[in-house]
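Please read the structure below before turning to the comments.
The values are calculated or read from the model by the stated rules, or taken from the named source; none is laboratory data. Not measured: the values here are computed from a predicted model. Virtual Cβ from ideal backbone geometry, glycine too; neighbours counted across all protein chains shown.
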Amino acid sequence: MTASPGSEYLAVLVYVAVALAIGILAVVVGAALGPKKPGRAKLMPYESGNDPAGEVKRFPVHFYAIAMLFIIFDVEVAFLWPYAVSAGSLGVVGFIGLLIFTVLLFVGFVYEWWKGVMKWH
């Protein structure tokens, strides 16, 4: 018996459709049944359970750049860890892949340094 083209993806399609339906249903039911009593207290920003003190200040964008650098190098460690564990069995091909990955990350790091992301203003 031959399967029709694309039938091997039917289970994945059903899974995605059910997941989307459950997500949409949860949002609609929450919006329909949830309380709708906006008040002054609910419109105030949350600050550790205390009333906000002082003037509102903008958060420097530089912190986001540093956070993105941290995430990039954190992901790098997550990708390098399996290689470190199984370096002996991967051989030369695995080493070349690791070398290409590391060189690309280093080039990105040098580019960000050159653009001045690391300078604290």
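For this structure, a couple of remarks:
- The set of residues from region 15-46 being hydroxyl-bearing (Ser, Thr, Tyr) and either under 30 Å from Lys57 (Cα atoms) or touching a residue at least 24 places away in the same chain (Cβ under 8 Å) (or both) comprises just one member, Tyr46.
- Members of region 70-94 that are farther than 30 Å from Val117 by Cα and assigned to a helix (DSSP H, G or I): Val85, Ala87, Gly88, Ser89, Leu90, Gly91, Val92, Val93, Gly94
- In region 51-76, the residues that are more than 30 Å from Leu105 (Cα to Cα) reach residues that are at pLDDT below 75 with C-beta atoms within less than 6 angstrom, at least six apart or across chains, in these pairs: Pro52/Pro45.
- The single residue among Ala41, Ala31 that is in a helix (DSSP H, G or I) and modelled with pLDDT of 75 or more turns out to be Ala31.
- For Pro60: the one exception among (1) assigned to a helix (DSSP H, G or I); (2) out of contact with any Leu (no Cβ under 9 Å at 6 or more places or on another chain): (1)
- Of everything listed in (1) surrounded by 10 or more Cβ atoms within 10 Å (Cβ to Cβ); (2) without any contact (Cβ under 8 Å) to a residue 40 or more places away in the chain, the single unmet condition for Ser4 is (1).
- Any hit, region 34-46, residues being surrounded by fewer than 10 Cβ atoms within 10 Å (Cβ to Cβ), out of contact with any Phe, Trp or Tyr (no Cβ under 9 Å at 6 or more places or on another chain), at positive phi and not hydrophobic (A, V, I, L, M, F, W, C): no
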